[in-house]
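Single-structure report; data block below.
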Amino acid sequence: MNKFTEYSNTLLSEKYYKFIHGSGLPIFVYPKERQSSCAIFATEFGSINNRFYDINTGKLIDLPDGIAHFMEHKMFDNENGDNVDDIFSRLGADPNAYTSWDHTAYFFTCTSGESFYEGLDKLLSFVSSPYFTEESVAKEQGIIGQEIAMCEDDPYDRCFLEMVRGLYEKNPVRADVVGSVDSIAQITPALLYQCHERFYKPCNMALIVCGDVEAERVLMVTDKHISASSDKTDTRTILPKERIMAYKRRVTQKMAVERPMFCIGFKDSKAPTDPYGRRKRQILTEILIGVIFSSSGELYSSLFKKNLMTTPFNYGEEYGKSYALGYVGGECDDVELLFGEIKKYIKKIKKNGIKKEDFERRKKIIFSSDIKMYDSTWEIASALLDSYLSETDLFDDPELLKSLTLEEANDLLKELICEKRTTYSVVLPN
Amino acid sequence: MQRFDVSSEKFEVFDNCELKYYHADRFKTSILKLSVALPSDNDPKSTAMFSLMINLLKSGTEKYPEKADIIKRLNDLYDATCSIGGYASGDNRIFEISSEMLSDRFADSESIFEGICELMYQMLFKPFLDSDRRFYKDRVEREKNTIIDRIKSEKNNSREYAFKRCREIMCDGEPYGQSVKPRLISRISQKQISDYYIAFVKELKLEFSYVGDKDASEVISVLKKHFSGAYTPSDKALLPLSARSAGKIKYVEEELDIKQGVLIIGMRTGILLDDELSCAMCVFNNIYGGTFSSRLFKLIREKMSMCYYMSSDYVSTKGLMFVSCGIDVNNREIVQNTIIAELDRLKSEPVTREELEVAKKLAIKELNDITDYPNAIASFYFSRSIYGIALTINEFIEKVSKVSAVDIQRIANKIAPDTVFFLKGTGADNGEDLYE
């Protein structure tokens with residue numbers, strides 16, 4: 001354990017260990033007595049990382065939409081012809097992966113014990129060893145084509161995506177993570193290898209392990225696959241300058257839905273750039289959106305009694321290094337009337353401020369939710385990854401939450417919920 | 001190998017009311033479930049009443065008259081959940097109030113567990129009624145609209161909608177095939193639903209499940225405090241598990257204005273929860289279509305590139321299996337034939353040793369995972385105990401480890417396709433984008 005630094009939180013009675021490998025790869029080991037352990041090996045390469053200068057040629061490279069997600073699918077092939085799913089299944093392990101706006105994660109869960117370390121060995125091996133051919137790329141285009149069709153048929157997914165596109169004019173968050181049939185048709189093995197070389201460097205990645213595991217053994221397995229002298233050159237992507245205001249205030253589309261649905265996005269263009277300032281802002285947004293739109297709130301209760309909303313709002317926030325937004329969505333037969341009611345209510349609370357009891361209640365909810373998370377190895381590992389990507393420490397969240405004041409929440413309310421930085425996305429029945 | 005003690009203990013809380021208790025102090029959360037299992041009367045009107053009653057019980061109580069009041073109370077109890085729902089189990093119906101809460105060791109003043117027990121009692125026995133012991137008319141009408149809106153929205157999720165339709169068609173005339181019908185919901189009167197509720201709570205077979213760090217004696221004491229004398233215990237027997245045979249295959253197609261088609265094939269296995277082959281069935285399902293290394297996944301997705309998702313799911317209380325996938329509409333026939341052909345192969349050819357061992361390992365892993373989730377522990381024991389099946393997780397694992405290739409072939413030869421449902425995407429572009 002000599003090389004690992006211990007991080008602990010006495011309130012939660014939790015601790016984990018962190019070590020920065022010679023390659024630049026941060027390794028997090030979170031001991032947790034559970035039947036099952038999990039490991040995540042993630043890269044900071046997501047759908048927004050679509051433009052960079054090639055370090056060899058100096059050429060500006062624009063990647064086709066959906067390539068990070070495409071690569072995620074292809075990493076499950078290897079040169080021997082073995083399928084990675086089969087390799088893990090033989091260990092009784094369950095592998096999977098996902099791609100988001102700013103990262104791609106490969107992970108597996110497995111019964112704790114020797115099989116877990118064998119699985120970790122396989123995980124590090126397959127993610128570090130790309131293998132792409134014309135044939136396998138063509139095959140995957142068929143599979144992802146079906147995934148794209150599935151996403152395009154999902155009205156909740158489309159409503160949210162168009163909201164994001166309404167908020168952001170240039171930021172690549174507006175691209176669909178899965179891409180389109182046309183964009184993935186441009187993907188070639190050469191392009192995939194280029195992306196792997198640039199973004200799948202250990203210094204651009206993170207390894208998180210949670211369960212009944214030993215840090216030293218994790219390090220031993222890592223050393224087998226990751227060299228301390230790994231390339232640490234530039235992995236930055238170029239992000240365009242984005243306007244402060246929302247790009248489009250209203251977006252409407254028609255789909256095969258029975259009732260209209262909506263998603264309202266609030267662009268937080270003034271979120272601080274320093275990690276802790278941004279994290280604090282994110283938690284404040286979470287509190288604010290929750291206070292305004294929760295099912296126990298004044299707004300929803302009134303809309304429910306008027307029969308305008310019969311199902312609860314769904315709401316949340318998304319904060320990354322280059323994007324920040326809050327959102328609320330739902331279904332309603334008369335979206336125009338609903339939007340009018342929401343605007344009226346927001347005007348009222350901006351004038352009077354949110355109530356202290358509602359603010360404190362929301363803090364209690366977040367605090368409780370944070371504690372519950374520590375029962376699940378998967379949730380812990382995911383939260384550790386999120387905090388790493390946001391350059392904060394997971395265990396600082398309780399104190400951050402405690403430090404937030406009603407005054408700060410009311411100040412944010414005036415800034416965040418502003419018509420010029422709001423997009424209304426609506427899906428109407430065909 | 002199980003690292004944690006996985007047996008549950010049974011206690012009698014009071015006459016004809018059991019507590020299934022599982023002590024686990026490694027979690028920060030606890031689970032309490034209040035369950036009522038009753039035979040379904042296979043009447044669509046009753047199904048509609050049951051659904052409306054659940055909504056009304058969620059809408060408010062004597063002490064917490066509005067939904068918002070209940071939610072605020074839960075927020076104050078450190079964001080505990082307390083959900084009321086109903087689901088089918090075989091030809092029976094389960095009513096359940098389920099709560100996940102933080103352990104009391106995190107509470108600063110009042111006991112979270114005590115607060116939840118009180119709330120559960122309120123929700124079931126003290127709903128918000130008028131002076132004539134009826135649900136308020138405007139509330140009844142509002143909740144009817146809520147249910148109708150929810151049913152309307154089901155088509156927004158094409159996969160779930162297709163599964164529902166396959167189930168309805170396949171099990172037409174059986175309780176499992178029933179769904180709530182909007183026209184029946186809209187016809188329910190204030191008097192009818194109030195009378196239905198009064199009859200429902202008059203005689204109950206209540207059962208509690210608890211997973212957490214409290215001593216059993218404390219759990220029992222708090223439950224007795226709130227629930228003793230609240231109702232009359234019922235001795236209504238559940239309908240036994242039963243499986244129908246497959247008849248001539250039904251082919252049904254519906255169209256929806258979506259791009260992708262959804263294919264669901266419902267099959268009858270004849271293997272129920274209490275069957276000697278029930279534990280082996282989860283191994284079979286892993287081989288056939290239940291995992292990323294299953295035959296259907298490898299063939300239809302990885303080799304033929306014809307789908308993104310492909311799965312098979314086994315319903316043990318009805319002996320049914322559903323295979324589902326999202327595909328291009330032009331590939332329907334080839335995918336359908338492949339799914340059936342692969343089942344036929346499993347009937348005629350024994351599986352390889354490696355295939356069998358992998359499927360067993362994955363099944364054992366899934367069983368082991370149960371003990372990492374308090375809710376999964378409670379559900380595992382409850383779903384079996386109502387049918388008198390006393391099987392621990394360890395015993396289940398033991399049975400799975402002994403499954404043979406002969407067992408897999410026996411199972412395959414019991415399975416017959418019953419219903420093929422295809423939700424055909426008409427493939428139109430998704431309407432017009434209108435920017436303002």
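The values are calculated or read from the model by the stated rules, or taken from the named source; none is laboratory data. As the structure is a prediction and not an experimental result, all values here were calculated from the model. Cβ coordinates were reconstructed from backbone atoms using ideal geometry, including for glycine residues, and neighbour counts include every protein chain displayed. Ligands, DNA and RNA are stripped out before the accessible areas are found, and what is left, the full protein with its side chains, is counted by its heavy atoms. Shrake-Rupley method; radii C 1.70, N 1.55, O 1.52, S 1.80 Å.
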> Which residues, counting only those in segment B:27-47, are in contact with an Asp or Glu (Cβ under 8 Å, 6 or more places away or on another chain), among the hydrophobic types (A, V, I, L, M, F, W, C) and either open to solvent by 10 Å² or more (accessible area, probe 1.4 Å) or without any contact (Cβ under 8 Å) to a residue 12 or more places away in the chain (or both)?
Replying inline: B:ALA37
>> Among (1) closer than 20 Å to A:SER129 by Cβ; (2) within 11 Å of chain B (Cβ to nearest Cβ); (3) among the polar types (S, T, N, Q), there is one condition A:THR235 misses while meeting the rest; what is its number?
In response: (2)
> Among the residues of segment A:34-74, which ones are modelled with pLDDT of 95 or more and among the aliphatic types (A, V, I, L, M)?
Replying inline: A:ALA39, A:ILE40, A:ALA42, A:ILE48, A:LEU63, A:ILE67, A:ALA68, A:MET71
> Going by the conditions given, is A:PHE262 in contact (Cβ under 8 Å) with a residue 24 or more places away in the chain, touching a Cys at 6+ places or on another chain (Cβ under 7 Å) and open to solvent by less than 10 Å² (accessible area, probe 1.4 Å)?
Replying inline: yes
>> Please pick out the residue among B:CYS307, B:CYS325, B:CYS279 that is over 21 Å from the mean Cα position of the chain (by Cα) and either of a type in the set (A, V, I, L, M, F, W, C) or at pLDDT 95 or above (or both).
In response: B:CYS307
> Could you say whether any residue in segment B:275-284 is closer than 19 Å to B:SER383 by Cα, open to solvent by 10 Å² or more (accessible area, probe 1.4 Å) and not in a helix (DSSP H, G or I)?
Replying inline: yes
>> I'd like the residue in segment B:51-70 that is in contact with a strand residue (DSSP E or B) (Cβ under 6 Å, 6 or more places away or on another chain) and open to solvent by 10 Å² or more (accessible area, probe 1.4 Å) and, out of all such residues, is farthest from B:CYS82 (Cα to Cα).
In response: B:ILE54
>> B:ARG73 - would you say it is open to solvent by 10 Å² or more (accessible area, probe 1.4 Å), in contact (Cβ under 8 Å) with a residue 40 or more places away in the chain and within 13 Å of another protein chain (Cβ to nearest Cβ)?
In response: yes
>> Residue under question is A:VAL164, and the condition is that it be open to solvent by less than 10 Å² (accessible area, probe 1.4 Å), farther than 20 Å from B:MET304 by Cα and either β-branched (Val, Ile, Thr) or out of contact with any strand residue (DSSP E or B) (no Cβ under 8 Å at 6 or more places or on another chain) (or both); does it hold?
In response: yes
>> Conditions first: (1) within 14 Å of another protein chain (Cβ to nearest Cβ); (2) open to solvent by 50 Å² or more (accessible area, probe 1.4 Å). B:ASP149 passes all but one, so which condition is the exception?
In response: (2)
>> Filter segment A:12-50 down to the residues that are in a loop (DSSP other than H, G, I, E, B) and aliphatic (A, V, I, L, M) and list them by number.
In response: A:LEU12, A:LEU25, A:ILE48
>> Which condition from (1) of a type outside the set (A, V, I, L, M, F, W, C); (2) closer than 24 Å to A:PHE293 by Cβ; (3) touching a residue at least 60 places away in the same chain (Cβ under 8 Å) is the one that A:THR377 breaks?
In response: (2)
> Just wondering, is there one or more residues in segment A:328-338 that are among the charged types (D, E, K, R), touching a residue at least 12 places away in the same chain (Cβ under 8 Å), outside any loop (DSSP other than H, G, I, E, B) and open to solvent by 30 Å² or more (accessible area, probe 1.4 Å)?
Replying inline: no
>> Conditions first: (1) assigned to a helix (DSSP H, G or I); (2) away from chain B (no Cβ under 12 Å). A:ILE148 passes all but one, so which condition is the exception?
In response: (2)
> Which helices (runs of 4 or more DSSP H) sit wholly inside segment A:54-142 and have at least 3 residues that are more than 14 Å from every other protein chain (Cβ to nearest Cβ) and open to solvent by less than 30 Å² (accessible area, probe 1.4 Å)?
Replying inline: A:67-74, A:114-128
> Any idea which of B:SER7, B:SER40, B:SER30 is under 20 Å from B:ILE193 (Cα atoms) and within 24 Å of the chain's Cα centre (by Cα)?
Replying inline: B:SER40
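Mind checking which residues of segment A:201-236 are touching a Cys at 6+ places or on another chain (Cβ under 9 Å) and either open to solvent by less than 50 Å² (accessible area, probe 1.4 Å) or assigned to a helix (DSSP H, G or I) (or both)? First the steps, then the outcome.
Step one: list which residues in segment A:201-236 are touching a Cys at 6+ places or on another chain (Cβ under 9 Å), which gives A:208-211, A:230-233, A:235.
Answer for segment A:201-236, where residues must be touching a Cys at 6+ places or on another chain (Cβ under 9 Å) and either open to solvent by less than 50 Å² (accessible area, probe 1.4 Å) or assigned to a helix (DSSP H, G or I) (or both): A:ILE208, A:VAL209, A:CYS210, A:GLY211, A:SER230, A:THR235.
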> Given the conditions (1) touching a Phe, Trp or Tyr at 6+ places or on another chain (Cβ under 6 Å); (2) among the basic types (Lys, Arg); (3) assigned to a loop (DSSP other than H, G, I, E, B), and given that B:ARG165 satisfies all but one, which numbered condition is not satisfied?
Replying inline: (3)
> Just one of the numbered conditions (1) closer than 30 Å to B:SER8 by Cα; (2) open to solvent by 50 Å² or more (accessible area, probe 1.4 Å) is not true of B:ALA216; which one?
Replying inline: (2)
> under 30 Å from A:GLY92 (Cα atoms) and either open to solvent by 20 Å² or more (accessible area, probe 1.4 Å) or assigned to a helix (DSSP H, G or I) (or both): does that describe A:ASP157?
Replying inline: no
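Every residue, every condition in (1) modelled with pLDDT of 95 or more; (2) surrounded by fewer than 22 Cβ atoms within 10 Å (Cβ to Cβ); (3) more than 14 Å from chain B (Cβ to nearest Cβ), yes or no:
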residue: A:ASP274; (1), (2), (3): yes, yes, yes
residue: A:ARG278; (1), (2), (3): yes, yes, yes
residue: A:LEU288; (1), (2), (3): yes, no, yes
residue: A:GLU298; (1), (2), (3): yes, yes, no
residue: A:PHE304; (1), (2), (3): no, yes, no
residue: A:ASN314; (1), (2), (3): yes, yes, no
residue: A:GLU341; (1), (2), (3): yes, yes, yes
residue: A:LYS347; (1), (2), (3): yes, yes, yes
> Is it true that B:ARG159 is under 25 Å from B:LEU74 (Cβ atoms), within 21 Å of the chain's Cα centre (by Cα) and open to solvent by 60 Å² or more (accessible area, probe 1.4 Å)?
Replying inline: no
>> Suppose the filter is within 7 Å of chain A (Cβ to nearest Cβ) and not polar (S, T, N, Q); does B:LEU362 pass it?
In response: yes
